[in-house]
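Chemist: Structure incoming, see below.
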Amino acid sequence: MSPSDVIQVINLENTHIITAIETQGRYGNGTGREFVAEYMIDYLRPGSKWIRYVNRTGHTIMTGNSDTTSAVMRVLNPPLFASKLRIVPHSKQTRTICLRAELHGCLHKDGLLYYATIPGGSRVGNVDFRDTTFENTDLYTETGIKRGLGLLSDGYIAESSPFDESNQNGSWIGWSRHHTEGMVTLLFEFDQLRNFSEIVLVAYGRLSNIDVIFRNDYRIPLHRRMAKKIRVTLWFANDWIFLTEVHFSSGLFEILIFLDKLYMQG
C-alpha cells in the first residue's frame, strides 16, 4: 500500500446520511495479518467532486484497527451526506492491507444537497461564530459563495446559549449586526423539484420585523410551494442572530413521480 491508495469505493446510488463506519481486517481463519490502522474518508453527492471528511474537532484521520479480529466502529460527528464513499488508508510506510467495512446510516429523505450563507458567520475579536463544520467543497453559487453542508444540517441542536463557555467548540452559527447590517440570506439547494410545506429555523435571537424573541423552533409555513432552490432572508435589530439547525418539511413533486413510473413501465 502506498499512502495515497484507495482501498474501497462504495456506491450508495442515492444520497444517504452516514453516522458511523465499522472496520475489520482479514481474519482468514486465524492466518490473516492485514488490517488498516488509520484511514481517511472521501465522499461525494450529486454535482460535487470528492470531499475529504473532517470531524467536529477538525481531524481527517480516523483510527482503525490494531488487529485482524476486532471490529472497530467510529461514530462520524458530524455525520456525512453521500451517494458515494471511498476509504483512503493512511500509513507512513508501504504495507499490505485488507479491509472489511460496514456503514451505519439511513436514506437522506429531505433531499437537501447544499446550502450557502450570505455573508458567512461572524468573527469579532475572540468571538468566532463561523460555520466550523462546513464542507471544503469546490462548489460555488453564481455570485462566488461556497456551497456545502455544515452546522445547519448536521442534525445536532444546541441546548445551551451560544455564549455559554461549554458551547464554544461550535454548535451555533452567529451573525453580528456590525458585520451584516442586520440582514442574512440563506440559500438552499435540493436534489429535485419538491413540494414544501414548512421550514423550521432553530434559532436564538430577535427578529426586528415581527419583534418576537425565539429560542427553539421558529416555524414558517410554505403553503406547499414547489421549488428546487429556496432563499431565506432574515432581518434583525439586536447585536447578534444565531442559528443551530434548519429543517424543511417536503415531499417529491407528485407529477414527476407519476411520469417517472410511466417511463419505467414503458
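Chemist: Given Ile21, Ile10, Ile41, Ile17, which one is modelled with pLDDT under 95, closer than 17 Å to His104 by Cα and of a type outside the set (Gly, Ala, Ser)?
Modeler: Ile10
Chemist: Can you pull out the residues in region 60-78 that are modelled with pLDDT of 95 or more, farther than 23 Å from Leu113 by Cβ and in a loop (DSSP other than H, G, I, E, B)?
Modeler: Ile61 - this is the single residue of region 60-78 that is modelled with pLDDT of 95 or more, farther than 23 Å from Leu113 by Cβ and in a loop (DSSP other than H, G, I, E, B).
Chemist: To continue, here is another question. Which number in (1) of a type in the set (A, V, I, L, M, F, W, C); (2) surrounded by 15 or more Cβ atoms within 10 Å (Cβ to Cβ); (3) touching an Asp or Glu at 6+ places or on another chain (Cβ under 8 Å) marks the one condition that Ala71 misses?
Modeler: (2)
Chemist: If you don't mind, there's one more thing I want to ask. Report, by residue number, each residue of region 121-140 that is small (Gly, Ala, Ser) and surrounded by 18 or more Cβ atoms within 10 Å (Cβ to Cβ).
Modeler: Hits for region 121-140 are Gly121, Ser122.
Chemist: Please give the strands (runs of 3 or more DSSP E) falling wholly within region 141-225 in which 1 or more residues are modelled with pLDDT under 90, closer than 20 Å to Ser250 by Cβ and not charged (D, E, K, R).
Modeler: 183-207
Chemist: What are the residues in region 134-154 that are hydroxyl-bearing (Ser, Thr, Tyr) and within 14 Å of Arg56 (Cβ to Cβ), if any?
Modeler: Ser153
Chemist: Hey, Phe81 hits all of (1) assigned by the TED database to the domain that holds Val54; (2) assigned to a loop (DSSP other than H, G, I, E, B); (3) buried (at least 21 other Cβ atoms within 10 Å of the Cβ) but one; which does it fall short on?
Modeler: (2)
Each row is one residue, and each column tells you yes or no for (1) farther than 30 Å from Ser250 by Cα; (2) assigned by the TED database to the domain that holds Leu152; (3) not hydrophobic (A, V, I, L, M, F, W, C).
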{"position": "Arg33", "(1), (2), (3)": "yes, no, yes"}
{"position": "Ser48", "(1), (2), (3)": "no, no, yes"}
{"position": "Ala71", "(1), (2), (3)": "yes, no, no"}
{"position": "Ile87", "(1), (2), (3)": "yes, no, no"}
{"position": "Thr96", "(1), (2), (3)": "yes, no, yes"}
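Chemist: May I ask you to list the residues in region 84-102 that are surrounded by fewer than 19 Cβ atoms within 10 Å (Cβ to Cβ) and either assigned to a strand (DSSP E or B) or without any contact (Cβ under 8 Å) to a residue 60 or more places away in the chain (or both)?
Modeler: Lys84, Arg86, Gln93, Arg100, Ala101, Glu102
The values are calculated or read from the model by the stated rules, or taken from the named source; none is laboratory data. The model shown is predicted, which means the values in this text are computed figures rather than measured ones. Cβ sites come from the backbone with ideal geometry, for glycine too, and all protein chains shown count toward neighbours.
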